[in-house]
Amino acid sequence: MSTDSAPAPQSGAAEDVKQQGPRIAVSALTTNLREYGLIIALIVIMLFFQYTTSGTLFKPVNLSNLVQQNSFIIVMALGMLLVIVSGYIDLSVGSVAGFIGALAAMMMVIWPLGIFSNPLVVSIICLIVGALIGAAQGYWIAYHKIPSFIVTLAGMLIFRGICQALLGGGSSVGPLPDSFKALSSGFIPDVIGPLTLIPPTVNAAGKTILGSGLTLHMTTIVLGLVAVLAYAYFGFRTRRKREQHGYEAEPFVLFVIKTLVGSALALFLVFQFASYRGLPVVLLVMGVLISLFVFVTKRMTIGRRIYAMGGNAKAAQLSGINTERLTLWVFINMGVLSALGGLIIAARLGQAVPAAGLGSELDVIAAVFIGGASAMGGVGQVIGAVVGGFIMGVMNNGMSIMGVNVDWQQVVKGLVLLGAVIFDVYNKNKA
Amino acid sequence: MASTILEMRDITKTFPGVKALSNVNLSVEEGEIHAIVGENGAGKSTLMKVLSGVYPAGTYEGQIVFRGQECHFKGIHDSEHIGIVIIHQELALVPMLSIAENIFLGNEHASYGVIDWNANETRTATLLKKVGLKEDPKTLITNIGVGKQQLVEIAKALSKEVKLLILDEPTASLSEKDSQALLDLLLEFKRQGMTSILISHKLNEVNRVADKVTVIRDGRTIETLPRKDISEDRIITSMVGRSLDDRYPPREPQIGDVVLEVKNWSVYHPIHAERQVIKNISLNVRKGEVVGIAGLMGAGRTEFAMSLFGRSYGRRISGEVLLRGKPLDLSTVSKAVENRIAYVTEDRKTYGLNLIDHIKHNVTLANLGGVSSHGVIDDMREMSVANDYRKKTNIRASSVYQLTGNLSGGNQQKVVLSKWLFADPEVLILDEPTRGIDVGAKYEIYTIIARLAAEGKAVIVISSEMPELLGITDRIYVMNEGRIVGEMAASDASQEKIMRAIVRGEGKAS
């Protein structure tokens with residue numbers, strides 16, 4: 001035996017490590033194109049409606065409405081993203097949300113529960129019930145391999161039925177206590193105190209004209225500034241760390257542009273909110289949840305395992321991942337977020353109605369798919385789902401202001417969903 | 001006769017990073033059986049995919065001339081239309097449909113979309129008679145064996161008025177008897193004037209039926225031998241292109257104590273509960289030793305390994321596993337990994353990799369704890385691990401962010417190996433580690449195996465390629481029908497000895 005004559009590894013081995021900088025940069029850009037493209041699409045859609053609604057869309061009061069109307073979709077889309085990335089689907093979320101809203105209303109308004117009628121206690125119990133519902137559905141999917149489509153289709157019927165039964169047929173239950181309604185329609189308190197830049201105009205009768213002048217909600221401004229600075233700081237620090245290890249791929253200019261555009265947009269929105277009544281509570285809740293889910297999916301082992309399971313369940317299993325337990329957790333998470341969605345809906349309406357959340361599972365699923373998730377599992381980003389949710393929301397809101405008929409709104413939303421997925425498939429085939 | 005039915009001229013096909021075929025020429029005469037031989041990964045299947053239009057015209061260079069006409073196939077449909085039918089290694093039958101339904105799938109006797117079942121079944125019966133299959137046309141595919149399924153595929157080809165029949169490794173999963181029957185059938189077709197191309201690396205079969213043999217190596221045509229020059233020796237020299245000695249890296253085994261010992265391992269089939277798949281297997285592997293498990297396809301080697309590794313296969317598993325003399329709990333995959341056992345799966349695409357994710361994430365998957373603390377992944381640490389293994393195992397990719405689905409088979413295998421090396425095992429079970437990868441990558445895999453053994457790990461290699469086992473292992477177990485039927489030191493083993501053990505090993509344990 002001699003080593004010399006052996007077909008030693010040679011070709012291509014030399015050109016591996018360095019000198020690939022520019023190529024990686026280009027590929028980094030193209031792989032992220034989907035995400036950038038989505039955000040650009042959202043901005044274009046917003047500008048379009050800003051124009052067609054003659055400036056109504058970006059009005060502070062409308063922005064607050066926009067957030068309050070769509071937050072429950074986005075909250076549920078966070079859970080749905082994990083479900084879809086895992087390779088499953090959950091059709092029951094709208095019904096579960098409706099059922100939880102009804103349960104919360106009954107506990108707070110009808111049933112004599114004493115301390116257990118306290119909105120906070122009710123909310124916590126409702127989230128736990130949501131977790132149990134998720135566990136019940138996830139159990140059949142994970143351990144008995146019943147297709148999720150079927151299990152959650154059953155759940156969709158069951159929980160809509162219970163929701164209507166709880167509310168006693170077609171009636172609605174309310175009004176809900178104001179402290180509960182604050183979850184959806186409340187704003188964060190201004191602990192710092194307002195700053196009046198332009199005093200409001202006073203009319204002849206000595207009353208101030210609503211909406212005139214400019215008073216800023218300072219707590220919102222400060223929170224916004226802190227968030228933007230943190231975003232820039234952490235972005236920069238991660239970049240530095242990667243540079244030190246020689247792994248940085250993205251060109252500096254691109255990084256700066258990205259950070260500046262992102263910060264400017266965020267500051268603009270913060271300013272708009274501050275000039276109205278400050279940050280809606282539900283936006284804060286949403287923001288915290290979004291950050292949490294980005295962190296879990298991008299940085300934590302459990303997130304990584306979910307992607308691996310969705311990408312190739314068998315390989316994940318043979319790599320030591322307990323796919324059954326992971327599936328169960330994904331559905332428990334979905335259940336909790338559906339429950340939270342249900343609470344948000346009820347809080348916004350101020351009452352529980354039998355049709356609460358009806359059909360919203362489709363909006364939630366659409367948001368995730370517009371956001372670039374694959375129906376086959378293994379692919380999808382939290383930010384994508386959030387932006388997808390906002391695209392749906394802005395279209396709803398913009399078309400409503402324009403006075404587009406609800407029937408046609410559905411047609412447009414359907415076309416956007418189809419278009420986004422076609423764009424994805426087209427991109428993938430080109431690559 | 002003797003008119004040329006098919007000419008392929010200067011066919012060159014490149015995949016990203018790999019030149020699979022370069023200037024391949026093939027000329028087939030009417031009415032002959034033309035065999036194409038070559039090692040795994042030599043480019044035989046790629047060539048046939050070019051011929052049948054799986055890779056459409058424009059994605060390769062060169063010319064295809066069939067019956068005097070230059071062809072530009074856009075897909076399989078085009079090639080089938082003019083009478084070229086290929087039967088792939090993996091059968092393409094729908095298991096829950098009947099034989100008749102499968103044969104006329106997409107091609108039913110129907111008027112205005114309404115199927116004439118009588119006509120279909122009568123024609124199926126005729127076709128089945130031609131291929132010598134005695135089954136009711138209404139039988140479901142799932143209820144007949146692989147050998148018979150192969151015949152159904154051929155009947156299906158006949159239904160399409162085939163002029164050139166291509167069989168890609170038709171006997172790979174057939175028993176000896178079924179293989180003989182299939183070859184007889186081919187000879188019968190030849191008498192009736194049909195032309196066929198037989199791809200195989202079973203040289204005795206080629207010897208038996210072929211009129212001509214074309215040898216392909218590393219994506220090139222080496223030579224075409226006429227019937228009178230066909231001999232196994234000649235073909236082997238041509239196929240390998242170098243003496244067998246230097247296909248394996250040299251190593252000096254330093255063998256220590258027994259690390260892993262399996263005693264009386266028995267496993268039953270997961271669905272057919274009464275069928276015992278693994279029967280009382282006992283084996284051991286020592287520190288620094290490479291142990292091979294030889295056997296034919298279906299001998300139960302993969303089933304054994306998977307049942308051992310976290311009970312990933314089968315039910316009613318019994319037996320004992322000892323790690324350095326102490327009983328070992330391998331009841332789940334994570335326990336097996338924690339106990340430093342690794343199993344590199346046979347089918348890397350189905351069981352080994354997340355093809356839609358990149359190299360970095362695949363490499364760390366079996367040991368995420370190694371790159372994270374409190375469940376939070378340290379991106380930098382993961383990056384350096386991935387780069388480190390990429391270098392160690394020589395994965396050819398533009399960066400660790402390349403999707404594993406876009407890598408060649410050899411590089412995919414190196415990613416799977418890296419994943420398990422990073423899990424830091426003491427015992428590695430490698431299942432067909434070089435299946436379907438090119439010669440150069442094979443050598444690299446062998447080098448990695450040799451290095452692992454030199455580092456004191458215990459390695460078990462399952463392989464159907466006997467020369468490979470003879471070349472890289474220290475000791476070989478021979479398996480057949482779920483039993484160990486032989487054990488021999490690699491130094492005094494030979495292909496004949498292994499085959500003999502398999503053939504007469506019926507019911508005899510070592």
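Worth a mention:
- Each residue in the stretch B:443-470 was checked for being assigned to a loop (DSSP other than H, G, I, E, B) and either of a type in the set (S, T, N, Q) or surrounded by 20 or more Cβ atoms within 10 Å (Cβ to Cβ) (or both), and 3 pass.
- Top-ranked residue in the stretch B:361-383 [being polar (S, T, N, Q) and more than 7 Å from chain A (Cβ to nearest Cβ); ranked as farthest from B:Val337 (Cα to Cα)]: B:Ser373
- For the stretch A:328-346, the count of residues that are more than 18 Å from the chain's Cα centre (by Cα), within 14 Å of chain B (Cβ to nearest Cβ) and assigned to a helix (DSSP H, G or I) is at least one.
- Test set (1) at pLDDT 90 or above; (2) within 10 Å of another protein chain (Cβ to nearest Cβ) - B:Ser399 fails condition number: (1)
- Among residues of the stretch A:296-327 being facing chain B (nearest Cβ under 7 Å) and among the polar types (S, T, N, Q), the one that is nearest to the chain's Cα centre (by Cα) is A:Thr301.
- The set of residues in the stretch B:355-385 that are part of a helix (DSSP H, G or I) and touching a strand residue (DSSP E or B) at 6+ places or on another chain (Cβ under 9 Å) comprises B:Ile359, B:Thr364, B:Ala366, B:Leu368, B:Val371, B:Arg381, B:Glu382.
- Boolean, A:Val44 is buried (at least 17 other Cβ atoms within 10 Å of the Cβ), modelled with pLDDT of 85 or more, in the same structural domain as A:Gly287 (by TED's automatic domain parsing) and over 30 Å from A:Gly186 (Cβ atoms): no
- The residues of the stretch A:63-98 that are farther than 17 Å from A:Val281 by Cβ and either at pLDDT below 90 or of a type in the set (Phe, Trp, Tyr) (or both) amount to a single one, A:Tyr88.
- Considering (1) surrounded by fewer than 20 Cβ atoms within 10 Å (Cβ to Cβ); (2) outside any loop (DSSP other than H, G, I, E, B), the lone condition that B:Ser398 does not fulfil carries the number (2).
- Condition check for B:Gly440: more than 8 Å from every other protein chain (Cβ to nearest Cβ), within 24 Å of B:Arg251 (Cα to Cα) and surrounded by fewer than 23 Cβ atoms within 10 Å (Cβ to Cβ): no
- Exactly one residue out of B:Ile462, B:Ile449, B:Ile429 is in contact with a Phe, Trp or Tyr (Cβ under 6 Å, 6 or more places away or on another chain) and within 14 Å of B:Val291 (Cβ to Cβ), and it is B:Ile429.
- Residue within the stretch A:293-313 that is assigned to a loop (DSSP other than H, G, I, E, B) and assigned by TED's automatic domain parsing to the domain that holds A:Leu326 present: yes
- Residue check, A:Ala105 in contact with a strand residue (DSSP E or B) (Cβ under 8 Å, 6 or more places away or on another chain) and buried (at least 19 other Cβ atoms within 10 Å of the Cβ): yes
- The numbered conditions (1) out of contact with any Lys or Arg (no Cβ under 7 Å at 6 or more places or on another chain); (2) farther than 18 Å from B:Tyr248 by Cα; (3) facing chain A (nearest Cβ under 10 Å); (4) not charged (D, E, K, R) are all true for B:Thr447 except (2).
- Checking each residue in the stretch A:224-278 for being more than 30 Å from A:Leu195 (Cα to Cα), modelled with pLDDT of 85 or more and under 22 Å from the mean Cα position of the chain (by Cα) picks out only A:Gly235.
- Per-region count, the stretch B:81-116, residues part of a strand (DSSP E or B) and at pLDDT below 85: 4
- Scoring B:Val376 on the criteria (1) crowded, with 24+ Cβ neighbours inside 10 Å; (2) touching a helix residue (DSSP H, G or I) at 6+ places or on another chain (Cβ under 6 Å) leaves a single failure, condition (1).
- Candidate set from the stretch A:233-265 (those that are more than 14 Å from every other protein chain (Cβ to nearest Cβ) and crowded, with 16+ Cβ neighbours inside 10 Å); member that is farthest from A:Thr201 (Cα to Cα): A:Thr259
- Identification of strands (runs of 3 or more DSSP E) wholly contained in the stretch B:5-80 with 2 or more residues that are surrounded by fewer than 19 Cβ atoms within 10 Å (Cβ to Cβ) and assigned by TED's automatic domain parsing to the domain that holds B:Asp211 yields B:18-29, B:61-66.
- Residue check for A:Thr196: β-branched (Val, Ile, Thr), modelled with pLDDT under 90 and over 30 Å from A:Gly287 (Cα atoms): no
The values are calculated or read from the model by the stated rules, or taken from the named source; none is laboratory data. All figures in this text were calculated on a predicted structure; none of them were measured in a lab. Every residue, glycine as well, gets a Cβ built from its backbone with ideal geometry; the counts of neighbours run over all protein chains shown.
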